[in-house]
Amino acid sequence: MPVSKDLKRIGYIAGTHGIKGDLKLVLDEFVTCDFDFTGTYLFLEKDPNVFVPFEVVRLFQKKNLIISLQELNDINEAQAFVKKTCFIRENEFDSFFSELVDYKQYVVREGQKHFGPVLDVMFNGAYELFKVNINGKQVWVPNVERYVVAIDDATRCIEIIDSDVLI
């Protein structure tokens, strides 16, 4: 099947698992799996711009997702899809997956002061922290109302307040 604009990339096949044709699916960096997608069709790259649909009949998670596909029952058949990209229908993506925001693509400012890009992002168990260079010092800014006024996805800008308290 030729590639369709209705497909969304979710990751790639890193290898096989076992002898029955199971595959190790590594999700792209900013994609997370939220729900069991058994029964859904995945589209695996066969050749450039040619994808083969397979129904997911079983999945479980170890370090990566391990998936069993309806018509792949042998390690030799599965081997043909190693290092190939994996897609799902665009309209089904949100039912099973989430896309995380890459805050390293955002810039930070406070009023008219521009502090440059987010250097790193960390989650401390309660909220995200943005590492920012403020007045020559690298500072972690908590993503809480006390310090982050707004995050504008359209302009990729994070507006903060009270940066002097963080230094």
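Of the set (1) of a type outside the set (Ser, Thr, Tyr); (2) over 30 Å from SER163 (Cα atoms); (3) crowded, with 17+ Cβ neighbours inside 10 Å, all apply to VAL108 but (2).
All of LEU23, LEU42, LEU65 fail the test of being over 24 Å from ASP102 (Cβ atoms), crowded, with 17+ Cβ neighbours inside 10 Å and hydrophobic (A, V, I, L, M, F, W, C), apart from LEU23.
Does the stretch 80-98 hold any residues that are in contact with a strand residue (DSSP E or B) (Cβ under 6 Å, 6 or more places away or on another chain) and not in a loop (DSSP other than H, G, I, E, B), and which are they? Within the stretch 80-98, THR85, CYS86, PHE87, ILE88, GLU90, PHE93, PHE97, SER98 qualify. Taking the stretch 18-74 and the strands (runs of 3 or more DSSP E) fully enclosed by it, the elements with 1 or more residues that are in contact with a Leu (Cβ under 9 Å, 6 or more places away or on another chain), in contact (Cβ under 8 Å) with a residue 12 or more places away in the chain and farther than 28 Å from LYS104 by Cα are at 22-27, 41-47, 50-61, 65-69. Residues satisfying the criterion are absent from the stretch 145-158 (criterion: in contact with a Phe, Trp or Tyr (Cβ under 6 Å, 6 or more places away or on another chain), in contact (Cβ under 8 Å) with a residue 24 or more places away in the chain and assigned by TED's automatic domain parsing to the domain that holds PHE35). If you filter the stretch 121-140 down to residues that are in contact (Cβ under 8 Å) with a residue 24 or more places away in the chain and at negative phi, you find that the one that is surrounded by the fewest Cβ atoms within 10 Å (Cβ to Cβ) is LYS137.
Each residue in the stretch 101-128 was checked for being out of contact with any helix residue (DSSP H, G or I) (no Cβ under 8 Å at 6 or more places or on another chain), within 23 Å of ASP28 (Cβ to Cβ) and outside any loop (DSSP other than H, G, I, E, B), and 5 pass.
A single entry from VAL31, VAL52, VAL57 fulfils the requirement of being within 20 Å of the chain's Cα centre (by Cα) and either surrounded by 14 or more Cβ atoms within 10 Å (Cβ to Cβ) or farther than 27 Å from VAL101 by Cα (or both): VAL31.
Among the residues of the stretch 123-152, what is the count of those that are over 16 Å from VAL165 (Cβ atoms), modelled with pLDDT under 90 and hydrophobic (A, V, I, L, M, F, W, C)? Matching residues across the stretch 123-152 total 2.
The values are calculated or read from the model by the stated rules, or taken from the named source; none is laboratory data. These numbers come from a predicted model, not from an experiment. Note: ideal-geometry Cβ built from the backbone for every residue, glycine included; neighbour counts use all protein chains shown.
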